[in-house]
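Everything below concerns the one structure shown next.
The values are calculated or read from the model by the stated rules, or taken from the named source; none is laboratory data. All values reported here derive from a predicted model rather than from experimental measurement. All Cβ positions, glycine included, derive from the backbone under ideal geometry; neighbour counts span all protein chains shown.
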Amino acid sequence: RLPPMETLHRLNEQWLLVPKLLYFMMAMLFYTFHQFRGTFINSQFHVSKKKLGTYFGYVQLIAFSVNLWIAGFNDKTGRQRLVLTGLVVSSALLFQTFFMVGSAAVFWIAFGFYFSLISATMPLLDKVMLDYLSTNPHTGPESYGVQRVFSSIGYLVTNFIIEQICKSGPEEKDFGNMAYYNAFVAAIVASLTVLFIKNLPPQASTHNYLASISKLMRNLDFMYLMFIVLLCGIVRASMTVYLGIYYVDVLHLKTGNPSLRLFWPFSYALEFFYNHKQSTTTMFGVALEIL
């Protein structure tokens, strides 16, 4: 009979349990504020819908620049465990300030720092996983897609949890419970990062950074690809900013009892999905993404 730790090691080699767990838990942290941030900001700080998009644009521009610096620092130092753990803990602390401030200006400053840090976590985890899969003799880069699916599953589960804990009535939301959820999940993610992610040897830079950027800018094929990525990012960002508001103000998704009655357990499942309409709507998009 194999010792428990050796059994777990073999199961991880066969089924890649750790990468799946890391992606799932990181998604539960990464998407905490994703679906309801527009509704939260609009209700807590009375920011107009027009200004909401403008402010988000500024925040995302800042986050893009910060993420470039974080990625460069991570590659140069190889201290990916420290970088990821620092990002997780720092973003979780900043998230708590959302429920302590009463000024919209102070909130946007805190949110700018939070978004810049949390948005770097998933790309860095992608790099860690690709490096791991490429060097693992039992796997290869072709296994990456299967691991990444668990990020989508984590996103789906997070939506249902957040919608449930924020519910205080058919139309009312109490966002305070998100602070406890975020702190709890961040503690788990930070622990998993320390346990399972290893640092890499520092990489000595032999190229001038600005010269490398200039060379890439002159590559028309690369710039065309980046332009397509930029357009996709603009569309995705504009949709996610207003997604929660669209569900509430346009589709008027509310909780309540379904008019259709089915026998158990189908009646329970129907009532559950009926009372979590926003997450159920998102679920179909996630299902298409996985397929």
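Being in contact with a strand residue (DSSP E or B) (Cβ under 9 Å, 6 or more places away or on another chain) and under 26 Å from Met100 (Cβ atoms): is that true of Phe40 here? Yes, satisfied. A count restricted to the range 10-42 and to residues that are among the polar types (S, T, N, Q) and either in a helix (DSSP H, G or I) or without any contact (Cβ under 8 Å) to a residue 60 or more places away in the chain (or both) stands at 4. Considering every residue within the range 150-173, establish whether at least one is under 21 Å from Tyr23 (Cα atoms), surrounded by fewer than 16 Cβ atoms within 10 Å (Cβ to Cβ) and free of Cβ contacts under 8 Å to residues at least 60 places away in the same chain. No, the range 150-173 contains no residue that is under 21 Å from Tyr23 (Cα atoms), surrounded by fewer than 16 Cβ atoms within 10 Å (Cβ to Cβ) and free of Cβ contacts under 8 Å to residues at least 60 places away in the same chain. Here's a check for you: in the range 168-183, which residue that is in contact with a Ser or Thr (Cβ under 7 Å, 6 or more places away or on another chain) and not in a helix (DSSP H, G or I) is farthest from Ile197 (Cα to Cα)? Residue satisfying both the conditions and the ranking: Pro170.
Among the helices (runs of 4 or more DSSP H) confined to the range 195-291, the ones with at least 1 residues that are of a type in the set (S, T, N, Q) and at pLDDT 80 or above are located at 277-290. Name the residue that is nearest to Tyr58 (Cα to Cα), counting only residues in the range 82-106 that are at pLDDT below 95 and touching a helix residue (DSSP H, G or I) at 6+ places or on another chain (Cβ under 6 Å). Result: Ala104. Residue-level check: of (1) among the basic types (Lys, Arg); (2) within 17 Å of the chain's Cα centre (by Cα); (3) within 21 Å of Phe33 (Cα to Cα), Lys127 misses just (3). Ser48 passes every criterion in (1) farther than 29 Å from Tyr132 by Cβ; (2) within 19 Å of the chain's Cα centre (by Cα) apart from (2).
Filtering the range 82-110 to residues that are touching a residue at least 12 places away in the same chain (Cβ under 8 Å) and closer than 17 Å to Gly176 by Cβ leaves Ala92, Leu94, Phe95, Gln96, Thr97, Phe98, Phe99, Phe107, Ala110. Screening Phe36, Phe30 for residues that are touching a helix residue (DSSP H, G or I) at 6+ places or on another chain (Cβ under 6 Å), closer than 19 Å to Gly176 by Cβ and either among the aliphatic types (A, V, I, L, M) or buried (at least 21 other Cβ atoms within 10 Å of the Cβ) (or both) leaves exactly one candidate, Phe36. The residues of the range 111-164 that are part of a helix (DSSP H, G or I) and among the small types (Gly, Ala, Ser), listed by number, are Gly112, Ser116, Ser134, Ser143, Gly145, Ser151, Ser152, Gly154. If you go through the range 61-109 and keep only what is of a type in the set (Val, Ile, Thr) and either part of a loop (DSSP other than H, G, I, E, B) or closer than 21 Å to Gly233 by Cβ (or both), you end up with Ile62, Val66, Ile70, Val101.
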